[in-house]
Amino acid sequence: WKKSGRGREPRLQLMKWTKATKLLTDESGAVVGVKWEVVGPPSAVKEGRPMASGEVYASNVLIATGGYASDYTEDSLLKEHRPDLLKYATTNNKGTTGDGHKLALAVGAKGLGLDDVQVHPTGFFNPRDPDNKVKTLCAEILRGEGGVLLDSKGHRFANELGTRDYVTGRMIQQEPQTLKFALVMNEATARKAETHIGLYTKKGLITKFETLEELAKWDYWGMFVTEKSLQQALKKYDEDAEKGIDSFGKKFFHNVPYNTNGPFYVGIVTPVIHYCMGGIAIDPEGQVLDKDMQPIPGLHAAGEVIGGLHGQNRLGGNALSECVVFGRRIGLSLPVGGGSEAGTPSISEPAVEAKGGESAGGGPRKVTWEEMKKHTTEESCWVVINDKVYDFTNFLDEHPAGAEAILRFGGQDGTEIFEAIHTPEMLEDFT
């Protein structure tokens with residue numbers, strides 16, 4: 001908070017549905033602010049309402065916009081630096097389009113290793129939403145605790161515990177056209193990863209089959225997969241486990257044997273763009289560097305937007321270095337002060353509002369299930385959570401897991417799946 005003639009005012013102002021379009025610089029090249037324009041919510045765009053724009057001036061600008069692993073835009077950084085990856089889906093939300101990179105590069109920032117993009121071998125393919133480019137990450141604990149990867153013919157093709165680039169490479173060799181694979185887990189594996197299995201099952205990404213016979217009838221398999229062929233594949237896996245090594249060099253076999261009596265837990269996985277090691281060059285204090293590796297005054301960056309920290313590949317967990325370490329260093333080194341504005345964005349409208357309003361008696365309006373049935377589409381999507389109705393229409397495109405994850409519960413009670421993933425405090429933004 002800061003003191004002013006009007007009393008206490010917040011130092012930070014959140015500008016929703018507002019896009020930074022340009023970094024403002026002075027004659028010396030120092031960054032002195034940001035040009036912006038309001039781009040939503042979708043209802044306003046659809047209605048053709050005029051959109052505000054303006055400029056914010058400040059002593060320092062910090063870019064923390066994430067990577068470009070979901071950049072399928074016209075000026076895509078993936079298209080420029082890794083066009084071979086455009087065929088893959090991504091685990092990143094739709095907003096991860098390299099906007100911060102493009103702003104910084106436009107004022108002379110140096111890009112480092114922009115072709116260094118990590119592909120994760122296991123993102124869930126959702127048969128109910130096959131064309132969605134945003135996939136749910138299939139956590140590596142499922143393979144780590146004994147999950148087995150099979151192709152559409154029911155054959156193993158890789159060491160499931162290999163590095164991400166190794167497993168992805170084997171997938172490309174095995175099923176280059178479909179890039180879809182089965183992840184099969186037994187009961188022991190499912191118990192070890194109980195929390196994940198429960199969540200993925202609720203999201204419809206994992207299916208449980210009680211017997212091998214049922215598993216053989218799963219519609220993922222090709223025409224040559226039978227109960228007998230699956231039994232042979234799993235028996236061979238158990239035999240390799242007893243020997244302590246298989247033909248792919250796998251030496252650690254957790255939660256075996258694969259009792260062919262069942263039950264089995266299965267999902268379809270596919271390689272997905274996951275993380276960008278490349279990004280904007282910074283110095284140890286988080287100040288953005290130009291092409292001559294000299295600091296650009298007033299411009300800072302932290303998080304996945306920066307490059308050079310991980311080299312050509314990233315070890316799991318090390319993304320926190322970019323977020324916490326450099327964010328902290330910048331936060332400690334820069335004073336928090338008020339900037340000056342030219343133009344005022346409209347930021348008072350929440351992205352999602354609790355629906356209902358007040359009844360004639362002054363209390364919350366009651367919504368019937370009959371009325372809820374009218375709000376199940378992208379045009380109007382209401383969901384019940386803990387006996388309250390929320391209008392998520394304007395939030396659909398922002399949802400990190402994609403709009404479909406919310407639309408599935410449009411007009412219904414979504415309390416159980418919400419509480420499995422989120423905390424109650426997250427709804428405070430939508431009331």
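The values are calculated or read from the model by the stated rules, or taken from the named source; none is laboratory data. From a predicted model like this one, the values you see are computed outputs, not experimental measurements. Counting neighbours? That spans all protein chains shown, and the Cβs are built from the backbone with ideal geometry, glycine included. SASA here: full protein model, heavy atoms, side chains in, ligands and nucleic acids out. Shrake-Rupley method; radii C 1.70, N 1.55, O 1.52, S 1.80 Å.
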Mind listing which trypsin sites (Lys or Arg not before Pro) in region 66-99 are in a DSSP loop and have 14 or fewer other Cβ atoms within 10 Å?
Lys87
Within region 201-247, which GluC sites (Glu not before Pro) sit in a loop by DSSP and count at most 14 neighbouring Cβ atoms inside 10 Å?
Glu210
Whether region 1-153 is rounded, prolate or oblate, judged on the alpha carbon gyration tensor where a/c under 1.5 counts as rounded
prolate
Express the relative contact order of region 66-181 as a whole percentage, based on alpha carbon pairs under 8 Å and six or more residues apart in sequence.
22
Quick check on my link table: of Lys19/Lys373; Lys35/Lys180; Lys94/Lys388; Lys203/Lys366; Lys16/Lys374, which ones sit more than 32 Å apart, alpha carbon to alpha carbon?
Lys19/Lys373; Lys35/Lys180
Leu299 long-range amide H proximity, modeled H, under 5 Å:
Val31, Val61, Val288
What ³J(HN,Hα) values, in whole Hz, does the Karplus curve 6.51 cos²θ - 1.76 cosθ + 1.60 give for region 50-59 when θ = phi - 60°, with x put for Gly and Pro?
x, 9, 6, 8, x, 9, 10, 9, 7, 6
Starting from the amide H of Leu24, placed 1.01 Å from N in the peptide plane, find each other amide H under 5 Å away whose residue is 5 or more places distant or on another chain.
Val32, Gly33, Val34, Lys35
FRET E, pair Trp218, Thr415, Förster distance 45 Å, beta-carbon r, rounded to 0.05
0.90
Between Asp387 and Asp292, the two model label points (7 Å from Cα along the beta-carbon direction) sit apart by a distance in nm of 6.8
In Hz, Karplus ³J(HN,Hα) per residue of region 369-379 (6.51, -1.76, 1.60; θ = phi - 60°; x = Gly, Pro)
5, 5, 5, 4, 5, 8, 10, 10, 10, 5, 6
Could you give the accessible area per residue of the chain, probe 1.4 Å, as a whole number in Å²?
52
Everything considered on the Cα gyration tensor (a ≥ b ≥ c; rounded for a/c under 1.5, else prolate if a/b is larger than b/c, else oblate), region 227-267 must be described as prolate
What's the Cα-based Rg to Rh of region 176-228, Rh via Kirkwood?
1.00
Return a whole-number percent for the relative contact order of the chain, with Cα pairs under 8 Å and 6 or more residues apart as the contact set.
20
Would you please classify the overall shape of the chain from the alpha carbon gyration tensor, given that a ≥ b ≥ c denote the square roots of the eigenvalues, rounded means a/c under 1.5, and beyond that prolate means a/b larger than b/c while oblate covers the rest?
oblate
Running a GNM on the chain with Cα contacts under 10 Å, which residue among Asp240, Asp99, Asp290 ends up with the highest mean-square fluctuation?
Asp240
Nitroxide proxy distance, nm - points 7 Å out along Cα→Cβ at Arg328 and Asp84:
3.7
Between Val45 and Thr423, 0.36 nm times their residue separation minus their Cα-Cα distance comes to what?
133.0 nm
Which of the peptides 194-205, 112-123 is most tightly packed, and how do the rest follow, judged by the mean count of other Cβ atoms within 10 Å per residue?
112-123, 194-205
Once the piece of chain linking Tyr57 and His254 is laid out straight, how much longer is it, given 0.36 nm per residue of separation minus the C-alpha distance between them?
65.2 nm
With each pseudo-label sitting 7 Å past Cα toward Cβ, what's the Thr163-His196 distance in nm, one decimal?
2.1
On a full-extension model of 0.36 nm per residue, what is the gain between Leu105 and His155, subtracting their alpha-carbon distance, rounded to one decimal in nm?
13.4 nm
Amide H of Gly278 versus every other amide H placed in the peptide plane: which residues, excluding those fewer than 5 positions away on the same chain, fall under 5 Å?
Asp116
Of all accessible heavy-atom area on region 69-165, the percent that carbon and sulfur account for (1.4 Å):
51
From phi via Karplus (6.51, -1.76, 1.60), per-residue ³J(HN,Hα) for region 238-248 in Hz, x at Gly/Pro:
5, 5, 5, 4, 5, 6, x, 6, 10, 5, 9
On Cα atoms only, tilt of 164-174 relative to the major axis of the chain in degrees
60
